[in-house]
1. What lysines sit close enough to K116 to cross-link, taking a C-alpha to C-alpha distance under 24 Å and skipping anything fewer than 8 places away on the same chain?
2. Toward the positive end of the charge dipole of the chain, about the Cα centre and with charges on Cβ (Lys, Arg +1; Asp, Glu -1), which of I270, V158, M235 goes farthest?
3. Considering only the chain, what is the antiparallel percent among its DSSP beta bridges, to the nearest 5?
4. Excluding residues on the same chain fewer than 8 positions from K178, give the aspartates and glutamates whose Cα lies under 15 Å from its Cα.
5. Of the options S12, S44, I251, report the single residue whose Cα projects farthest towards the positive end of the charge dipole of the chain (beta-carbon charges: Lys, Arg +1; Asp, Glu -1).
6. Roughly how many whole Å is it from the C-alpha centroid of the stretch 213-256 to that of the stretch 67-95?
7. Around F260, with a cut-off of 12 angstrom between Cβ atoms, what is the net charge of the other residues, counting Lys and Arg +1 and Asp and Glu -1?
8. So if we plug the beta-carbon distance of S157 and R237 into 1/(1 + (r/R0)^6) with R0 = 35 Å, what FRET efficiency do we get, rounded to 0.05?
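We did not get these values from a lab; they are worked out from the coordinates using the rules stated. Remember, it's a predicted structure, so these values are computed and weren't measured experimentally. Note that each Cβ is placed from the backbone with ideal geometry, even for glycine, and that neighbours are counted across all protein chains shown.
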Amino acid sequence: MAELSVVLPGLSLSNPLMLASGIQGGSAAALHRVASSRCGGLVSKSIGPSPREIYPGPVCVEAMDSVILNAMGLPNPGVDAFTTMMKENNFAKPMLVSIFGPDSDTFVSIAQEMEKAGATALELNLSCPHSKPGSRALIVGQQPELIREYVRAVKDSVNIPVYAKLTPNTASVSIEAKAALEAGADGICLINTVSALEVDPFAGRPIIGNLLCGMSGPAIRPIAQRKVAEVALAMRRGEIPTAPILGMGGITTGLDVARFIMLGADAVQIGSALIYEDVDIFGKIENELIEFMEVQDYPDLNSMRGIALDSLEELN
């Protein structure tokens, strides 16, 4: 059988399939439920400094086939409740703990509490497109200097690996990746949702309660793949430091996983697919990936990692 295990900073995965942040990752019961599936690892909901309620609805709509729009508002139980939960539970799969805050000092405070609670790795959510209701302001993930500040501050305050989750809503994501990696990030997570907007023509207003929203689902997969490829190519060329890439965005099949691995991803995160098929999707995708690798004679993930970059090498 094809070898699917992946060892990353702070994470040892039985396969490259991780739960994405924001989907069933906010409570112990939900995390245990996902951990009992055939995922390789977990990512928590993004945890902030205090409890946060969901935005007024609608907050998640399948606007058309393969297009999911959402603006949840980063609902979470807050750092105190989540760290208590972590101390009281042992999960069957390794967990990347996602955190966010309004400034670098808050990131540092939350990161330190998560490390004390037993977190083995952190994902800095620098890229949520709707963290403030109706905001059109630039987010941290669109400002390289702020990325450097936030990543460096957290890295200087904890002894566990730190991954930076970046946005696709930027001209050249390798610039933001470079800022994160030069500040000490141990890995890059690509991508968060794509900024979007849809209108109900009968109501004459946007369909999401927050008005502005993020787009996920299978339709964004080619966008995510391009962003992963841009960063992986920059690493291959020596333009930015080399580090693991966790790819995400519209993954629903084993072939999708293979595509991301072939573009340089080390592992993937799966979110919107659970809306369609719940946690059983992990087993389905794992079986499809194994079958593909055996038929194509790939003994392990390393044997196909980055091979699609070869044909992109000469691009400027």
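1. The reachable lysines, counting only those whose Cα sits under 24 Å from K116, are K45, K87, K93, K155, K165.
2. Ranked along the dipole, the leading option is V158.
3. 40 percent
4. E145, E149, D186, E230, E239
5. Positive-most Cα among the choices belongs to S44.
6. Taking the Cα centre of each part, the stretch 213-256 and the stretch 67-95 sit 24 Å apart.
7. Values: positive: R221, R226, K227, R259, R305; negative: D256, D266.
Surrounding charge for F260 is +3.
8. Between S157 and R237 the formula returns 0.65.
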